[in-house]
Every structure is written in C-alpha cells, then in structure tokens.
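The values are calculated or read from the model by the stated rules, or taken from the named source; none is laboratory data. On a predicted model such as this, the values are computed, not experimentally measured, just so you know. Note that we place each Cβ from the backbone using ideal geometry, even for glycine, and neighbour counts take in every protein chain shown. Please note that ligands, DNA and RNA were not included when accessible areas were found on the heavy atoms of the full protein model with its side chains. Shrake-Rupley method; radii C 1.70, N 1.55, O 1.52, S 1.80 Å.
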Amino acid sequence: MTKMLTDARAIRIKGRSFLAVVLAPDLPFDDWLVRLDDLAARSAGFFLGRPVVLDVTDLPIDRAQLKELIAELAGRSVNIMGIEGGRPSILGPGMPPALKGGRPVSDDAVAKEPLIELHNSEQKPSVPEVRPTLQSIVIRDPVRSGQSVIFPEGDVTIIGSVASGAEIIAGGSIHIYGTLRGRAMAGSLGNASARIFCRKLEAELLAIDGIYKMADDMAPGLRGHSVQLWLEGDSIMAEKLI
C-alpha cells in the first residue's frame, strides 16, 4: 500500500539566506555606543528594517553585560536577530538565538557577511584573504531614496545617480556614473581590493571591506568631484579622477 507523504495541510519549511549587517562591538561598550550614535545620526535610517547580527566573538563579557548591550541597541531601534560567537554561559532565555558560521567555505577562503565595524582604526581584526569569483550587474536607472541594490556576488555599476537615503551593497567594486548621495558599501563579503568610483561625491556613508567612513570626514576638496576610493590597511584612501 502506498501512503501519500504530503497533503494540503502539510507545513512547508524552506531554507533561505538573507544579507545581514553584522555589528562587532568592542570594549568599553559606552565608547562604542557613542560611535554607533554618531554613525546613526549622520546616516539616518541606516538600521531601520535591516536584519542585524551581533558578533561578540572573544569579548570577555558576562550575561548581564550582553543583556544590557542588547537593551541599549533596542533603545536605538537596532533589533538583533541573532548572536554570533557567544559562549553558552552568556546566552539565556529571552535573548536572540545563537548563530553559527554562516555558509561553509574552504580552508583558504572565508566569506564574511556584510560588516559595519565600529572600532578604532588600529583594532580591526585580521581576516583571511578572499579571492571570490566576481560577476557584475548594471543598473540603468537612478537609485531612488529608500531603494537598495544588493549584489554580494560581484561588481555593481549604476548608470545614473544614487539618491540620499538609497544604498548600494556589492561584494566587489561599485561604479556610479552620476552623483553618489546615498550609501555605498563595497567588498561586503571580505574583499579588501574592492573600490568605489563615482562621478560626483556627496555620499552619506562609504565602506570597503567593513571599514566605514562618513563623506564629511574626508578632505573637503573631494566633495563634489569625481573620486575613486580604496582600502590601504585600515584606512579608506581617496583621490580625484581626472
């Protein structure tokens, strides 16, 4: 006798991956939260509606400190969907679930989730070199406020401008043949060789391989000009394009 294994009442369970921002705090938390507030103030809405993972790997904290940090973030409308790298002793009921590992990779290539690291420049942890097989996409329309272009597989080219409140997230480099007023995050999966190119720089936030910088922190002479940006060590470098 053959038994039907599914029917109309079956519960469907699927696997699906999403791009999440990973916050990697450092001690003391009070100082780190000040830098987070500065980022949020100068890039309004950056965390709204965005899945956020809290990476506490190797942080010497206890459960009370972790709960207090989660509460501080919730008070800033940063809702944590999961905790990575937390020891079992600091996790407990009522906390976001523990997350492990992300996608499996080979020993000589470690892919990271998009990372906005808030730390002093000398504190960036070392990351194994990544040599992804890059692809590219071309967006022929302007990217309007509130829109996101997310392409972790490779380069993104925008034939037009990126409005304030919009964002581009690429696993490779970002090329914008117009004005960049929103946010641009290149090398989001751990590609330190990624670059950002734009015809006119008026950005809210720039990031390469997790190192971020607000555009108004750069040399005043760069604003309003064609610019390329790249990473040297823990610093974002920039120069005008002819």
Please find, within segment 84-113, the residue that is modelled with the highest pLDDT out of those that are open to solvent by 80 Å² or more (accessible area, probe 1.4 Å) and under 23 Å from Leu189 (Cβ atoms).
Lys100
Can you tell me which condition Met81 does not meet? The list is (1) open to solvent by 70 Å² or more (accessible area, probe 1.4 Å); (2) at pLDDT below 80; (3) under 26 Å from Pro152 (Cα atoms), and all the others hold.
(2)
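Could you tell me which of the residues Ser145, Ser173 is among the hydroxyl-bearing types (Ser, Thr, Tyr) and more than 17 Å from the chain's Cα centre (by Cα)? First the steps, then the outcome.
Working: Ser173 fails: more than 17 Å from the chain's Cα centre (by Cα).
None of the others qualify; the one that does is Ser145.
I'd like to know if segment 149-159 contains one or more residues that are crowded, with 24+ Cβ neighbours inside 10 Å, out of contact with any Cys (no Cβ under 8 Å at 6 or more places or on another chain), in a loop (DSSP other than H, G, I, E, B) and not aromatic (Phe, Trp, Tyr). Give the steps one after another, and end with the answer.
At the first step, the residues of segment 149-159 found to be crowded, with 24+ Cβ neighbours inside 10 Å are 156, 158.
Next, only the ones that are out of contact with any Cys (no Cβ under 8 Å at 6 or more places or on another chain) stay: 156, 158.
From what is left, the residues that are in a loop (DSSP other than H, G, I, E, B) are none.
No; the residues of segment 149-159 include none that is crowded, with 24+ Cβ neighbours inside 10 Å, out of contact with any Cys (no Cβ under 8 Å at 6 or more places or on another chain), in a loop (DSSP other than H, G, I, E, B) and not aromatic (Phe, Trp, Tyr).
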Does Ala163 satisfy being in contact with a Lys or Arg (Cβ under 7 Å, 6 or more places away or on another chain), at pLDDT 85 or above and surrounded by 24 or more Cβ atoms within 10 Å (Cβ to Cβ)?
no
So which residues in segment 203-242 are part of a loop (DSSP other than H, G, I, E, B), within 18 Å of Leu39 (Cβ to Cβ) and at pLDDT 90 or above?
Ala203
